[in-house]
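K.L.:
This is the structure I want to talk about, given as structure tokens.
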Amino acid sequence: MNNVLLCSVCKFDYTHFIGTIQVTDNDEYQACDFIVNQKYPITVKTKYEYRSQGNLHLLFRCEDGHFFIKSFDGHKGNVFIDNNQLMDDLASYLNEVYKEEEKRSLSFDYGLLGNIEKFLFSKKID
């Protein structure tokens with residue numbers, strides 16, 4: 001089982017793919033558009049560490065209830081894996097919001113989309 005994805009919070013091996021977050025930046029270290037699951041746009045300008053159009057984040061949840069994100073960010077010809085503070089903060093935020101959840105959902109829903117949007121707007125810059 002060397003190639004099994006483990007939860008980055010608790011190391012549990014029962015994890016579920018929830019969705020994608022694609023980030024478009026403006027080449028000034030600012031994200032300007034987030035597209036969730038390739039169909040839900042969230043337009044908000046926020047600080048972003050990378051300058052590339054190839055920024056993709058995969059959202060997972062383990063069966064113990066933890067959210068975690070695998071990040072792939074392009075910057076000046078390099079691709080950085082799991083080195084994105086904004087996505088780490090988003091996963092922490094989701095874990096806090098859902099920590100008291102009695103029945104754990106292992107799929108995407110509009111409540112989750114709303115919480116992602118709420119988090120991103122809390123990071124908004126002018």
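The values are calculated or read from the model by the stated rules, or taken from the named source; none is laboratory data. Only a predicted model underlies this, so the values are computations on that prediction, with no experimental measurement involved. FYI the Cβ positions are ideal-geometry reconstructions off the backbone, even for glycines, and counts take in every protein chain you see. Surface areas here come from the heavy atoms of the whole protein model, side chains and all, with no ligands, DNA or RNA. Shrake-Rupley method; radii C 1.70, N 1.55, O 1.52, S 1.80 Å.
K.L.:
Go through S122, S105 for me and flag whichever is out of contact with any Ser or Thr (no Cβ under 7 Å at 6 or more places or on another chain) and closer than 21 Å to H16 by Cα.
P.N.:
Going through S122, S105 in turn, just one is out of contact with any Ser or Thr (no Cβ under 7 Å at 6 or more places or on another chain) and closer than 21 Å to H16 by Cα: S105.
K.L.:
Considering only segment 12-39, state which residues are modelled with pLDDT of 95 or more and out of contact with any strand residue (DSSP E or B) (no Cβ under 9 Å at 6 or more places or on another chain).
P.N.:
K39
K.L.:
Right, here's the next one. Considering only segment 24-39, state which residues are in a loop (DSSP other than H, G, I, E, B) and either farther than 13 Å from D73 by Cα or of a type in the set (D, E) (or both).
P.N.:
N26, D27, E28, N37, Q38, K39
K.L.:
For the subset of segment 1-36 comprising residues that are among the β-branched types (V, I, T) and under 17 Å from L59 (Cβ atoms), which member is most open to solvent (accessible area, probe 1.4 Å)?
P.N.:
V9
K.L.:
Of all residues being under 19 Å from Q38 (Cβ atoms) and charged (D, E, K, R) in segment 75-126, which is surrounded by the fewest Cβ atoms within 10 Å (Cβ to Cβ)? Just the residue, please.
P.N.:
D109
K.L.:
Given the conditions (1) without any contact (Cβ under 8 Å) to a residue 24 or more places away in the chain; (2) loosely packed, with under 15 Cβ neighbours inside 10 Å, and given that G54 satisfies all but one, which numbered condition is not satisfied?
P.N.:
Checking G54 against (1) without any contact (Cβ under 8 Å) to a residue 24 or more places away in the chain; (2) loosely packed, with under 15 Cβ neighbours inside 10 Å, the one that fails is (1).
K.L.:
Within segment 106-126, how many residues turn out to be in contact (Cβ under 8 Å) with a residue 40 or more places away in the chain, under 21 Å from D64 (Cα atoms) and outside any helix (DSSP H, G or I)?
P.N.:
Of the residues in that region, 3 qualify.
K.L.:
Does segment 88-95 include one or more residues that are over 11 Å from the mean Cα position of the chain (by Cα), of a type in the set (A, V, I, L, M, F, W, C) and at pLDDT 95 or above?
P.N.:
Within segment 88-95 (the criterion being over 11 Å from the mean Cα position of the chain (by Cα), of a type in the set (A, V, I, L, M, F, W, C) and at pLDDT 95 or above), the answer is no, since none of the residues qualifies.
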